[in-house]
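I have placed the structure first, in the form of structure tokens, so that the comments after it can refer back to it.
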Amino acid sequence: PAHHYADTITSDAFKTSVELGCQSIKILNIWMWFAHKLNEAVKGCDKGRSDAYTSIDEAAALWLGNPTPSNDVGGLLFEMTESIGRMFNSVDEDNSEMVHLNRQIINRLLFAQEIFSDDKNRCASDPDTVDDLRIIVKEIFSFTSAVLAQGLIHSMLDQRDEKEKREYVELFSFAFLPLLNTCGRGEEFDILYDMLVIKKFDEADTDDVLNAIQNFYNCLGFTCDDIGNYGLRPGCTDSDLSLDNMMGYSPVNSTKTNMLAKLDLDAVAIVQLMSIENYDLARDIYVNGYSYYDYDNAEYGFVSLYDLTQSATIGYDDFTTYKLFQDYFQQSPGDLADETITNALDQQSNFVNASGPQRLEAVKTVISNIISYVSSLEAFHFAVDQCNSNSETAITAWDGGVALIIGSIESGSPNNDGYFLYATSKAMCDDFATCAEENGSYANNQLIQRFTQGQKQITEKSCSNVQQTLEAIESLLAIPLIQSMLYYADKDSQIETAGAAGYVSSLAVLPIIDSLDTESSNMVENAMSFPSGSQTSGQSKIEIIYGALKSVLTDPSSFIDCELISNAHPLCDDVQDPNNAIPVDVDEPTTISHGLYIAKNYVDDRSAIAKDVEEIQDFVDSKDIEGAKLVYKHGSNSKIYSKNGMPIGIRSISSFSLQAGSEMQKDPTYNMFVYGLSDENDFLGKSVLNYADTFVNSLFESSERRWTSLASEAVVALHIWMQVAHKLHAAYDACKLSKNASERRSVIESSDASLFLDEAAAYWIGDNQSTGSSSQGHLLYALTEKIGEQFENI
């Protein structure tokens, strides 16, 4: 049985060797019992038991062991940590007799012991004691996880024969890899498990495995400094992708924002626990929290998803969406979310006959479509409210709103690896043909631009403008909510969980629909009710929902862009574009710059980026640096079109760099530049992943005219050049994928390599470029001609 995994693995290890079996006992049997005793201490303290301290003493005994004359360090996990830790040069400078991780663990065990040193009844007398103990235990778990990470790295790099090395790698993989599953990145976990366990470790994969493991350090609560450097190998540097760059958005206070974003790890835990029917522990994490501790405010302590439903952090409800929920449901959106989650966990009310998977999907959808959605709006509206009076509070709240939409799990993978609303948009885009090259969907792409725009407006105290930006964000956030409801309505008879998830999805959308048309909201509520929706004779559930939504979206007061909802269904056929935009033919080949290049695909929108470069240069020449920065950051001429040819956004040059960390992470050319320009993972004091954006902004901010005048050439040489390289890599990858598709068992969605080549050409040549001219044109073709002229006489 899976519950006896440690016994099974250890028994097999002893069949291989006594040494391997003893190691297995330490890192599987004893490590887990150590963790159990710490959890037991927290549970006992929470119940006010006077003997909770005994579990701390037992945990310490399990870590330290029993020193003997022949072994003065006990022979258990402490000794193992000392032995492995010294391979990583991780001896604390202030305590050369103990490695860093042991020092951190022992210190916290002593702190836990001190809680009870004066008063063994403290858990009963002081309600704050349990939170103090919980944070100590959580930090101990992080450092003991780092010990297992060191063990896995050591097993890969240690000089053993191939067979023995693979045995130890497999053993430490069994101990460490399950921890990665708590981070919600199932795809990366599967790849590592396949490489280290299923196929057995290959030394040629060492660097790839080390890099993949490092991506989980932040989630698990430790750093590269905690791990140290192995022997003469250079130590790793902490990846700041998840801290300083949230899918292209850079928070002002990255550490604080990252902590709030980690609330999605609670969602991961709740879903995983519900999947194994451990509803009590799932409820405990929902109510009490586990992943986010507010170190800045002891009053909050651990912040949970339940706390968000009760407005326990901000408590701001003066915004339209909150009032719409209150008017429609006669209760706050938080109370609605909490009631729905509680009913699903306890299998009561309309979930009394629901299956386990239905209850799980309902809870997961409440978290993404109601808690993430409404909590983020609460933070955004509070930020706007504080914009004039307290800009520091405002920007912290704004960053927090972004964190509650994106979360900490998102990695840029096209797979749906998140648990907040950003992930819902990614998950739905395939079915509605709204997937974009960046950020997973067109709506997400625009959201990141608006998030960045709003942050800038708050920083500059442009408070009336940030209100308009927030209105655009609210419209964009409604897109995945509607898509989710449509998807589950369509899959109602095909997927067991669709009814429950569809019902929850409708709860998020009904207040919006009702504000526009009461009759339509009645139709939706009746059709999407759970366990069984009522349907008009002759109409399916999806037909009812489509009919209701068409009525709403044709309403002149509707603030929702229908084109962003669906390009694959007839939903928007009768909806008039509010800007009377004329669609372009996205399938029409493009003649670039008077026939200099004939593209097979429509890429006029890409070549139009040349006009942005021209405008930046014109602003710089007229000494209007703010105008140049505005075009650079938010775009002006390069429109983004849906598959139906409708404009749905503006492409900006800055996004080429800000999105590079996620979009180009597999491009060898980009990684070569990142490596070459990196100064301990920084470039000019900021993340090296955004080196191009950092450099151009430094030109804009320079007080010397000779530097600001270079801005337009810099965006061409850095941003556009790398974008061309990226598109060429994408063309190669698409061609290779198409060639190999027939060899795979699964169906592979391959992209058209010709589109990427055409995009590369559009970015190289640009709009209005004359053949052989260095004076006409503004992109790389013109720059090459200009430079080439200097070499004519050489």
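In a fully extended conformation the segment linking GLU496 and SER698 would gain 67.3 nm over its present Cα-Cα distance, using 0.36 nm per residue.
Accessible surface for SER368 stands near 10 Å², nearest 10, in the context of the full protein assembly shown (1.4 Å probe). Ranking HIS3, HIS719 by solvent-accessible area of protein heavy atoms (1.4 Å probe, all protein chains present), from largest to smallest, gives HIS3, HIS719. Approximating the spin labels as points 7 Å out from Cα along Cα→Cβ, the VAL584-to-ASP621 distance works out to 2.5 nm. The lysines whose alpha-carbon is closer than 26 Å to the alpha-carbon of LYS323, local same-chain residues fewer than 8 away aside, are LYS364, LYS550.
Under 21 Å between alpha carbons, and skipping anything fewer than 8 positions from LYS138 in its own chain: which lysines qualify? Straight-distance partners of LYS138: LYS26, LYS37, LYS43, LYS47, LYS256, LYS262.
Across the options VAL363, TRP398, ALA383, the greatest Cα extent toward the positive end of the charge dipole of the stretch 308-428 (unit charges at beta carbon of Lys, Arg, Asp, Glu) belongs to VAL363.
The charge dipole of the stretch 327-443, taken about the Cα centre with unit charges on the Cβ atoms of Lys, Arg (+1) and Asp, Glu (-1), comes to about 220 debye, rounded to the nearest 20.
Compute the FRET efficiency between SER275 and ILE598 as 1/(1 + (r/R0)^6), taking r as their Cβ-Cβ distance and R0 = 60 Å, and round to the nearest 0.05. Could you put the intermediate results ahead of the total?
On the way: r = 53 Å, r/R0 = 0.89.
Given R0 = 60 Å and the Cβ-Cβ separation, E is 0.65.
Relative to the dominant Cα principal axis of the chain, helix 320-329 is inclined by about 70°. Between ARG706 and LYS163, the distance separating the two model label sites (each 7 Å from Cα on the Cα→Cβ line) works out to 6.9 nm.
When the dipole is taken about the Cα centre of the chain, and only Lys, Arg (+1) and Asp, Glu (-1) are charged at their Cβ, what size is it in debye, to the nearest 20?
On the way: 53 positive and 118 negative charges, 180 e Å.
It works out to roughly 860 debye.
Only protein heavy atoms count here; under a 1.4 Å probe, TYR503 has an accessible surface of about 50 Å². The candidate values are [x] 26.2, 85; [y] 26.5, 91; [z] 28.3, 90; the one derived from this structure for Rg and Dmax of the Cα atoms in Å carries the label [z].
Compared with the dominant Cα axis of the chain, that is its longest principal axis, helix 541-553 is turned about 50°.
Helix 691-701 and the long axis of the chain differ in direction by around 60°, with both axes built from C-alpha atoms. Amide H to amide H, with H built 1.01 Å from N, TYR597 comes under 5 Å of ILE592, counting only residues 5 or more places away or on other chains.
Assuming R0 = 35 Å, can you tell me the calculated FRET efficiency for the pair LYS120 and SER11, based on Cβ-Cβ distance, to the nearest 0.05?
Values: r = 40 Å, r/R0 = 1.13.
That pair, LYS120 with SER11, gives E of 0.30.
Between the residues PHE116, LEU157, ASN211, the greatest Cα displacement towards the positive end of the dipole of the stretch 103-211, with unit charges on the Cβ of Lys, Arg, Asp and Glu, is found for PHE116.
Going toward the positive end of the dipole of the chain, with +1 on Lys and Arg Cβ and -1 on Asp and Glu Cβ, which of ILE473, MET195, LEU177 do you reach last? It is MET195, whose Cα lies furthest towards the positive end. In the chain, helical runs assigned H by DSSP with n ≥ 4 each contribute -39500 (n - 2.57); averaged across all residues and rounded to the nearest 500, the mean residue ellipticity at 222 nm is -18000 deg cm²/dmol. Projecting label points 7 angstrom from Cα along Cα→Cβ for THR223 and LYS200 puts them 4.0 nm apart. Solvent-accessible area of THR182, all protein chains in place: 70 Å² (probe radius 1.4 Å, heavy atoms, ligands and nucleic acids excluded). Residue ranking by accessible heavy-atom surface, 1.4 Å probe, largest first, among LYS727, LYS256 comes out as LYS256, LYS727. Note on ASN253 and GLU392: the extension gain reaches 49.0 nm, defined as 0.36 nm multiplied by sequence separation minus the Cα-Cα distance. The gain in end-to-end length when the THR320 to TYR732 segment is fully stretched comes to 143.5 nm, 0.36 nm per residue minus the alpha carbon separation.
Of the GluC sites (Glu not before Pro) found in the stretch 449-497, those in coil by DSSP whose Cβ has at most 14 other Cβ atoms within 10 Å are GLU460, GLU496. Paramagnetic label reach from SER50 (point 7 Å along Cα→Cβ; backbone nitrogen cut-off under 13 Å): within the stretch 117-152, residues 119-125.
The values are calculated or read from the model by the stated rules, or taken from the named source; none is laboratory data. Predicted, not measured: the structure shown is a model, and the values here were computed from it. Positions of Cβ are backbone-derived with ideal geometry, glycine not excepted, and every protein chain shown enters the neighbour counts. For the accessible areas, the whole protein counts, side chains as well, though only heavy atoms, and no ligand, DNA or RNA atoms are used. Shrake-Rupley method; radii C 1.70, N 1.55, O 1.52, S 1.80 Å.
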